[in-house]
Amino acid sequence: MRAVSVRTLIAAACVALAAGAYAQAPVTVGGVTAQPGTAAYGEFQVPARGTDAGTVIPFSIVNGAKPGPFLALVAGTHGAEYPPILALQRLRASIDPKELSGTILMVHVANMPAYLGRAIYYTPGDHKNLNRVFPGRADGTISERIADVITREVIDRAQYLVDLHCGDANESLRPYLYWTINASPALVESVRQLALAFGMDHIILDKARPTDPAASLYLENTAITRGKPAMTIESGAMGQSDEESIQRIERGVAGVLKHLKMRAAGPDPVQHAVFLGRNQVITSQHTGIFYPLVERGHTVADGALIGRVTDFQGRTIEEVRAPFGGEILYVVGTPPTTKGEPLAFIAALATADEIPKR
Ligand SMILES: [Zn+2]
């Protein structure tokens, strides 16, 4: 009698353990809870401070019916980069939480002041680049406080992260993504798999990101310096909301979901990636009017003329030349240029030695 009872108890405990181990739990983020198999919407509050009124950061939790990884997808770090923002709107509607394992946290517009202000590069209010102030400060300017909220609520919570960008509203950009390679070998390998799963064929080997978690600067790098696989992708350009750029991001996320086993269906990893090593943002030496002489995706020789800067009476004050041979990943496509700001981004094919070994 006693033996049966113990066996029964053990069986009951096993059932309870199995249920606990295999059932997805409710997920609460920013005070909002999504039950398993459902999605929920919320807004992170960035409180007012001094003369600035603060802002909100809209997000969705898509909580799968089954357990699995916690993936964060961020759009709108730069407010005039629209294909990422629109792709997340579509993914929010198309991903069925009942078919999902794990949780997706979507940040719909990270930088609301820049989005509503139609601003490139810099946040209205403090004129800082949100993607250079991470991990942020709770007592800082508006960009720094946004970064602080994203670090605590999104990055600290996530296991994997993709920061979705495109050419800003002045940048004519061909699609590519950044693979951070100055991290631990295990992390570098995880990000390689994530990058290939996204499906884009131009992958920049990025070996210059800061390694100090307290001065990570970039959103994606804030995850990397905390030991989490993360990458920044670029799809879209020039303030446009074109279908091709949006679909490329939808396809990329679908590939990541399949790779992380969050969904069974999805596209395969890219088979023939082009790895780019040496790269440089070419900045203007002068303020004036920029006339580009190349287009995105052009291959140029070392020293090739890629544009001119004139003053406001039309005199050429700068000839902008390629610092080495490579591919133009983006070139500024509108006339305004300010001393020290980007005019173009060039990268050369990586050598076999530069590509991290598996
Ligand atoms: Zn951006």
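The table below lists the values:
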quantity: Unmet requirement for residue 53, which otherwise passes all of (1) touching a residue at least 12 places away in the same chain (Cβ under 8 Å); (2) within 27 Å of residue 140 (Cα to Cα); calculated: (1)
quantity: Tally, over the stretch 210-232, of residues that are more than 14 Å from the chain's Cα centre (by Cα) and over 17 Å from residue 147 (Cα atoms); calculated: 2
quantity: Residues of the stretch 48-73 satisfying the condition of being of a type outside the set (A, V, I, L, M), at pLDDT below 95 and outside any strand (DSSP E or B); calculated: 50, 51
quantity: Enumeration of residues in the stretch 70-91 that are open to solvent by less than 10 Å² (accessible area, probe 1.4 Å) and of a type in the set (S, T, N, Q); calculated: 77
quantity: In the stretch 241-257, the residues that are under 21 Å from residue 170 (Cβ atoms) and either part of a helix (DSSP H, G or I) or open to solvent by less than 60 Å² (accessible area, probe 1.4 Å) (or both); calculated: 242, 244, 245, 246, 248, 249
quantity: Qualifying position, being closer than 20 Å to residue 227 by Cβ, of a type outside the set (A, V, I, L, M) and open to solvent by 50 Å² or more (accessible area, probe 1.4 Å), among 160, 178; calculated: 160
quantity: Scan of the stretch 92-127 for residues that are buried (at least 22 other Cβ atoms within 10 Å of the Cβ), within 12 Å of the ligand (Cβ to nearest atom) and among the hydrophobic types (A, V, I, L, M, F, W, C), ordered by number; calculated: 110, 114
quantity: Pairs with Cβ under 8 Å, 6+ apart, first in the stretch 75-102 and free of Cβ contacts under 8 Å to residues at least 24 places away in the same chain, second within 16 Å of the ligand (Cβ to nearest atom); calculated: 89/108
quantity: Among the candidates 214, 208, residue that is more than 16 Å from the ligand (Cβ to nearest atom), open to solvent by 10 Å² or more (accessible area, probe 1.4 Å), over 19 Å from residue 69 (Cβ atoms) and outside any loop (DSSP other than H, G, I, E, B); calculated: 214
quantity: Of the criteria (1) within 16 Å of the chain's Cα centre (by Cα); (2) crowded, with 20+ Cβ neighbours inside 10 Å, which one residue 170 fails; calculated: (1)
quantity: Test: residue in the stretch 289-297 that is crowded, with 19+ Cβ neighbours inside 10 Å, within 16 Å of the ligand (Cβ to nearest atom), modelled with pLDDT of 95 or more and within 30 Å of residue 138 (Cβ to Cβ); calculated: no
quantity: Positions within the stretch 70-89 being within 14 Å of the ligand (Cβ to nearest atom) and of a type outside the set (A, V, I, L, M, F, W, C), in sequence order; calculated: 76, 77, 78, 79, 81, 82, 83, 84
quantity: Total residues in the stretch 305-358, condition out of contact with any Asp or Glu (no Cβ under 7 Å at 6 or more places or on another chain), under 30 Å from residue 189 (Cα atoms) and assigned to a loop (DSSP other than H, G, I, E, B); calculated: 5
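Condition check ((1) in contact with a Lys or Arg (Cβ under 6 Å, 6 or more places away or on another chain); (2) free of Cβ contacts under 8 Å to residues at least 60 places away in the same chain) across all residues:
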| position | (1), (2) |
| --- | --- |
| 128 | no, yes |
| 132 | no, no |
| 136 | no, yes |
| 176 | no, no |
| 180 | yes, yes |
| 183 | no, yes |
| 205 | no, no |
| 221 | yes, no |
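The values are calculated or read from the model by the stated rules, or taken from the named source; none is laboratory data. Here the structure is a predicted model, which means the values were calculated and not measured. In this analysis, Cβ positions are derived from the backbone assuming ideal geometry, glycine residues included, and neighbour counts consider all displayed protein chains. Ligands, DNA and RNA are excluded from the accessible area calculation, which covers all protein heavy atoms including side chains. Shrake-Rupley method; radii C 1.70, N 1.55, O 1.52, S 1.80 Å.
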